[in-house]
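Each remark here refers to the structure printed beneath this line.
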Amino acid sequence: MFEDDGYALDTLAVRAGQTRSDEGEHSEALYLTSSYVFPSAAEAAARFSGENPGNVYSRYTNPTVRMFEQRMAALEGGEAAVATSSGMAAILSLCMALLKSGDKVICSRSVFGTTTALFTRYMQKFGVRVSFVDLTDRQQWQDALDGDTKLLFLETPSNPLCEVVDIRAMADLAHSAGALLVVDNCFCTPALQRPLALGADIVVHSATKYLDGQGRCVGGVAVGKKDIMDELVIFLRTAGPSMSPFNAWVFLKGLETLKLRMEAHCRNALALAFWLDEQDAVEKVNYAGLPKHPGHLLAAEQQHMFGGVLSFAVRGGREAAWKVIDACKIFSVTANLGDAKSTIVHPATTTHGRLSDEDKARAGITENLIRVSAGLEDFGDLQSDLARGLALL
């Protein structure tokens, strides 16, 4: 097995976690099996009890999935990782493993719409109290804290407004109340930002996005200290929101090019942001790479680059936003992001469509807002594609 001896991220992304079988394969092996054969009844009992390490059942022990988990732990600088069937399954798993009735979660309003729905529609049904606050308003976070607070949950940069918050300061705030800080690092990935090194306790990802990078598979992962991840493993073993071995193998291949792709995504996004900011039909561009963005200096400090996702508001309401989207010939109209192919979407009616009008207004999700995930195509072609739609306004 490859040992992490302080190697750089580029090396870890290609090598970390790999365990070779006796066949000596160079590429990671894909173990497509539901169960495992034990040499004896005694060994089976020892495996099931945890007395002896080893594979038991692919719902929670699979060599390919384990390689992905170990690689993600190395990239994020965590002690352990738990892979799940989707990014939302990772969030659900940590909630079910770490929370009980009467506990409280404080969550940023600026998160993925389904994350909001999970907390409001389901976790509250089981007696977990949830408070939503503005991501960048430190006082709101402080005021929401009480003795039952167990988790602070946030995205930075946020989806889709690209707001940025000081992770180290938020970690200090959480720890002052005996709570854990959870950071959704999907927009940045460990290639651009490592929240655990800044004091966060848990990092979650939708592996579906940049970790895959080509829109092929759905998956999720949580990373943190081993004792915390052990609690998630118990839930995974019981409830089964598991990552498939095939998807884990695809994600392992995606991680090999993660940093190269992220830098290319960032370059296209930055160029698009500057260009959009000069267009008469655009009211506002949300991207931390713009010097006038309120989180620009903070993002420059705690991120390697500014990310591949941006959003912008056009002059006019939903009709104007849809005109721009429908005029695109290169951008794919899809809610996914982090793909080699550039994507474009109307958040108010898709990713955040299940929110009430009041909650959309509080989260800044307006009818004229468009979110773009910059892919790996030629910048000039992407610019022309958006210009076609903006010319209609």
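Using the Cβ-Cβ distance between residue 260 and residue 45 with R0 set to 41 Å, the FRET efficiency works out to roughly 0.30.
Each Lys or Arg adds one and each Asp or Glu takes one away; over the other residues whose Cβ falls under 13 Å from the Cβ of residue 141, this sums to -3. Here the label points at residue 388 and residue 318, each 7 Å from Cα along the C-beta direction, are separated by 2.5 nm in the simple model.
Highest mean first, what order results for 102-111, 136-145 on Cβ atoms within 10 Å? It would help to have the intermediate numbers written out before the result.
On the way: 102-111: 21.9, 136-145: 15.7.
Descending packing order for the listed peptides: 102-111, 136-145.
In the range 206-273, Cα pairs under 8 Å separated by at least six residues give a relative contact order of 39 percent. Centroid-to-centroid, using Cα positions, the range 71-96 and the range 134-157 are 21 Å apart. Summing charges over all other residues whose Cβ lies under 13 Å from the Cβ of residue 334, with Lys and Arg as +1 and Asp and Glu as -1, gives +2.
Residues of the range 8-26 with the amide nitrogen closer than 20 Å to a label point 7 Å from the Cα of residue 52, along Cα-to-Cβ, please. Within reach of a label on residue 52, which here means backbone N under 20 Å from a point 7 Å along Cα→Cβ, the range 8-26 contributes 21-22.
Label point of residue 284 set 7 angstrom out along Cα-Cβ; within the range 93-133, amide nitrogens under 19 Å from it belong to 108-113, 133.
Obtain the nm distance between the two label points defined at residue 239 and residue 36 by a simple spin-label model: each point lies 7 Å from its Cα along the Cα-to-C-beta direction. In this crude spin-label approximation the distance works out to 2.5 nm. How would you classify the range 343-388 from its alpha-carbon gyration tensor, with a ≥ b ≥ c the square roots of the eigenvalues: rounded for a/c under 1.5, else prolate if a/b is greater than b/c, otherwise oblate? It comes out prolate by the Cα gyration axes. Tell me the angle of helix 226-239 to the major Cα principal axis of the chain, expressed in degrees between 0 and 90 and rounded to the nearest ten. That works out to roughly 90 degrees.
With R₀ set to 51 Å, the beta-carbon distance separating residue 275 from residue 225 gives a calculated FRET efficiency near 0.75. Each peptide in 261-268, 204-211, 383-390, 86-93 was scored by the mean count of other Cβ atoms within 10 Å over its residues; highest first, the order is 204-211, 86-93, 261-268, 383-390.
Stretched out fully, how many nm does the piece from residue 379 to residue 350 gain, at 0.36 nm a residue minus the Cα gap? Please list the in-between numbers first.
On the way: separation 29, 0.36 × 29 = 10.44 nm, distance 2.58 nm.
Gain in length upon complete extension: 7.9 nm.
Under the simplified labelling scheme, the residue 197-residue 142 pair shows an inter-label distance of 2.9 nm, with each label point 7 Å from Cα along Cα→Cβ.
Report summary: the helix-based calculation at 222 nm, which adds -39500 (n - 2.57) for every DSSP H run with n ≥ 4 and divides by the residues of the chain, gives -11000 deg cm²/dmol.
Only the coordinates and a few stated rules stand behind these numbers; no lab work does. Source: prediction; values computed, not measured. All Cβ positions, even for glycine, are placed from backbone atoms using ideal geometry, and neighbour counts span all protein chains on display.
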